[in-house]
Structures are given as structure tokens and as C-alpha cells.
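Read-outs throughout are calculated quantities, based only on the coordinates presented, and are distinct from any laboratory measurement. Just so you know, these numbers come straight off a predicted model, no measurement behind them. Note that each Cβ is placed from the backbone with ideal geometry, even for glycine, and that neighbours are counted across all protein chains shown.
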Amino acid sequence: WYAIYSFFNKKIIERIPIYEYYFISLLVPLVFIILYIILTQKKFAFYERLTYEDYKNLIIMLFFYFIGNLIFIDLLNRDNVTEILPLTDPLKLIFILMISQTIFFEKLASTQIYGILIIVTGMIVFNCESILKSSQIKTTT
């Protein structure tokens, strides 16, 4: 699903400016949420159970969500989806493992360390041609 979604994003971004697309992509889910609330007239009492720490974490989470989406949309605007997804998806896994170890002090198993090495090797192999091209450009200039 994620790969197909990215291809459609790329097509839309080719026709409208990035900031307009980003606004639309955030607005559409919000409209559905508001319609759901209006039509079902449900009250969301969950916010009463949230602590100050929960709100702080939600704000941090939303901040990184917005920044991550902006970066991803900008990458889609600059390059092919087939070159971006094989780089960004493995980087997400590595980033999650790094965050889980440094912020949440979770232990990494040896299989996870081997997995990171395999992911990095796969990224290098997958992008070997573009890495060689960029190194040739640097040596000729």
C-alpha cells in the first residue's frame, strides 16, 4: 500500500506546489474525522485520561510526523519513487532501532545488529550504480 501511495503522491506533486499538496493531504483526513464526530455525535472522553506527559509526547510525535512528511514529499518532488523508497524504508528501521536504544534504553539483540548490517549492505548494493555515478562526478570536478 505504501509504495502505491507514494506513486500517487508523486503524480499529484508534479501538478501542484508542495505546500498546497501538504495542506490538502492534512485537510482530507481532518474532514472525515469531523464528519464522523458530527454524524455519530460521539464524545471523545479519552482526553480526560491523558496526563501532561501524554500531551507532551503527542505534540512531539505530531512535530516529527509533520517534519517527516515534509521531507518525504520534498524527496518525491526531487527524485523517482523507485530511488527514494528503497532508501527511506530501511533508514526508518535503523532509525527506530537507534531511538529505541538511546531514548527508551531498549536492548538490541545480536540478530537485530546483524539485521542492521544486512540492511545497510542491501542499501549499498541497491544504490551501487548511483553511488558510483556520484563518485565519478566528484573526481572529474
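Can you give the angle from 0 to 90° between the axis of helix 110-126 and the longest principal axis of the chain, with both taken from C-alpha atoms, to the nearest 10?
Helix 110-126 sits at roughly 60 degrees to that axis.
Less than 10 Å Cβ to Cβ from SER100, Lys/Arg counted +1 and Asp/Glu -1: what total charge do the surrounding residues give?
Result for the local shell: 0.
Could you go through region 75-87 in sequence order and give the Karplus-derived ³J(HN,Hα) for each residue, using 6.51 cos²θ - 1.76 cosθ + 1.60 with θ = phi - 60°, rounded to whole Hz, and x for Gly and Pro?
With the stated coefficients, region 75-87 comes to 4, 4, 5, 8, 9, 6, 4, 5, 9, 7, 4, x, 8 Hz.
Give, in nm to one decimal, the length gained when the segment between TYR5 and GLN112 is fully stretched (0.36 nm per residue of separation minus the Cα-Cα distance).
35.7 nm
For the chain: lysine pairs with Cα atoms under 24 Å, gap of 8 or more or different chains, count?
Summing the qualifying lysine pairs gives 5.
Note down the magnitude of the dipole of the chain about its Cα centre, charges +1 on Lys and Arg C-beta and -1 on Asp and Glu C-beta and zero elsewhere, to the nearest 20 debye.
Details: 12 positive and 11 negative charges, 26 e Å.
The dipole magnitude comes to about 120 debye.
With a cap of 14 neighbouring Cβ atoms within 10 Å, and only residues DSSP puts in a loop, list the trypsin sites (Lys or Arg not before Pro) found in region 1-94.
Filter output for region 1-94: ARG15, LYS42, LYS43, ARG49.
Sum -39500 (n - 2.57) across every DSSP H segment of at least 4 residues in the chain, then divide by the residue count to get the 222 nm mean residue ellipticity, nearest 500.
-27500 deg cm²/dmol
Helix 128-140: angle to the longest alpha-carbon principal axis of the chain, degrees 0 to 90, nearest 10?
Between helix and principal axis, roughly 60 degrees.
Loop only by DSSP, 14 or fewer other Cβ within 10 Å of the Cβ. Give me the GluC sites (Glu not before Pro) in region 1-90 that pass, ordered by residue number.
GLU14
Lys/Arg Cβ at +1, Asp/Glu Cβ at -1, dipole of the chain taken about the Cα centre: which of ILE34, THR88, MET98 is farthest positive-ward?
Going by the charge dipole, the pick is ILE34.
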